[in-house]
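J.: Here's a structure for you.
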Amino acid sequence: MYDNSLYKEIGNKKVKEFIRKIPKDIKDNCTLRRIEKGKIVVLKEEEIKKIYIHCKGQMRVRNEFENGFIYDFASIEPISYIGVMEVMANKQFYSSTLQTTTDSIILEVYKNDFIDWVNEDHKLALDMLHFVSNKMYEQSLKTGEVLAYPAIGILINYLINIFENEEKGEVVLAKKREEIASILGFSVRTVNRNLKILKDENLVFSDRKGICITKEQCEKLYKKLDSIKNK
């Protein structure tokens with residue numbers, strides 16, 4: 001059963017009406033959850049076990065590719081259905097990473113419960129069709145307008161911010177690679193690959209204990225970031 005206190009925080013009347021009309025057997029097995037700004041909701045290539053219905057806040061859709069680029073190509077607002085397009089296409093894994101850009105509230109529904117619900121509720125099925133069609137149409141209009149960022153540039157910017165916030169001559173970031181990957185919306189492989197590049201260029205010191213950045217290295221990271229932006 002979902003948290004009624006979170007339900008009261010939702011100001012969107014359409015969302016509240018949607019939740020109110022959820023069949024009791026589904027409602028008893030779903031969860032309203034708060035997600036802080038900057039957190040990952042789903043990661044690309046994770047197995048789909050739940051459908052997430054976006055009820056409050058804003059999120060961005062991010063895709064990571066083998067060429068080392070990160071594409072931020074859409075932002076979503078309530079009501080949005082996360083995982084629906086993949087399920088409708090009979091796929092087993094999320095196609096993109098979603099990350100909150102504000103504090104948000106989502107409704108978690110188990111995938112099989114959601115499929116049963118859609119099969120029984122023709123209006124919901126039509127809503128799903130409209131949602132997926134609208135997103136595909138929006139993307140067709142924005143072809144060529146996506147924002148592309150090299151992953152290494154995003155990582156460098158993150159490391160610079162960490163260094164500046166500490167206000168020390170030398171900073172040690174003791175976070176695990178998995179945690180950094182989660183914060184940035186990358187795979188661990190991407191974090192490892194780009195940290196190796198920075199380490200090989202003597203822009204950071206990196207080992208199993210963490211990442212060390214000196215003031216001199218931070219200045220070089222700034223120059224590296226500028227060169228990436230100006231390409």
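The values are calculated or read from the model by the stated rules, or taken from the named source; none is laboratory data. Because the structure is a prediction, the values reported are computed rather than measured. Heads up, the Cβs are rebuilt from the backbone with ideal geometry, glycines too, and the neighbour counts pull from every protein chain shown.
J.: Which ranges mark the strands (runs of 3 or more DSSP E) fully within the stretch 169-231 that have 2 or more residues being in contact (Cβ under 8 Å) with a residue 12 or more places away in the chain and of a type in the set (Val, Ile, Thr)? If you could, list the steps in order and put the result at the bottom.
T.: Details: elements: 170-173, 205-207, 210-214.
In the stretch 169-231, the matching strands (runs of 3 or more DSSP E) lie at 170-173, 210-214.
J.: So which residues in the stretch 164-188 are exposed (fewer than 12 other Cβ atoms within 10 Å of the Cβ) and under 28 Å from Ile35 (Cα atoms)?
T.: Correct list: Glu164, Asn165, Ala174, Glu178.
J.: Considering only residues that are free of Cβ contacts under 8 Å to residues at least 60 places away in the same chain and either part of a helix (DSSP H, G or I) or not acidic (Asp, Glu) (or both), which ones fall in the stretch 156-168?
T.: Tyr158, Asn161, Ile162, Phe163, Glu164, Asn165, Glu166, Lys168
J.: Any residue in the stretch 117-134 that is without any contact (Cβ under 8 Å) to a residue 40 or more places away in the chain and more than 11 Å from Tyr81 (Cα to Cα) sitting within a Cβ distance under 8 Å of a residue that is of a type in the set (S, T, N, Q) and surrounded by fewer than 11 Cβ atoms within 10 Å (Cβ to Cβ)? List the pairs, counting only those 6 or more apart or interchain.
T.: Correct list of pairs: Ala125/Asn119.
J.: Could you list all residues from the stretch 29-47 that are surrounded by fewer than 18 Cβ atoms within 10 Å (Cβ to Cβ) and modelled with pLDDT of 90 or more?
T.: We begin by selecting, within the stretch 29-47, every residue surrounded by fewer than 18 Cβ atoms within 10 Å (Cβ to Cβ); these are 29, 31, 33-34, 36-39, 45-47.
If the condition is that a residue be surrounded by fewer than 18 Cβ atoms within 10 Å (Cβ to Cβ) and modelled with pLDDT of 90 or more, then Asn29, Thr31, Arg33, Arg34, Glu36, Glu46, Glu47 are the ones that fit.
J.: Could you look through the stretch 75-126, keep only residues that are of a type in the set (Gly, Ala, Ser) and at negative phi, and pick out the one that is surrounded by the fewest Cβ atoms within 10 Å (Cβ to Cβ)? Reasoning before the result, please.
T.: The first filter runs over the stretch 75-126 and keeps only residues of a type in the set (Gly, Ala, Ser), leaving 75, 80, 83, 89, 95-96, 104, 125.
Checking the rest, the ones that are also at negative phi come to 75, 80, 89, 95-96, 104, 125.
Working: Ser75: 11, Ser80: 20, Ala89: 9, Ser95: 15, Ser96: 21, Ser104: 24, Ala125: 14.
Only one residue fits best here, namely Ala89.
J.: From the residues in the stretch 123-155 that are part of a helix (DSSP H, G or I) and aromatic (Phe, Trp, Tyr), which one is modelled with the lowest pLDDT? Please lay out each step first, then the result.
T.: So in the stretch 123-155, the residues part of a helix (DSSP H, G or I) come out as 123-141, 151-155.
Applying the additional criterion that residues be aromatic (Phe, Trp, Tyr) yields 131, 137.
Numbers: Phe131: 78, Tyr137: 58.
This residue is Tyr137.
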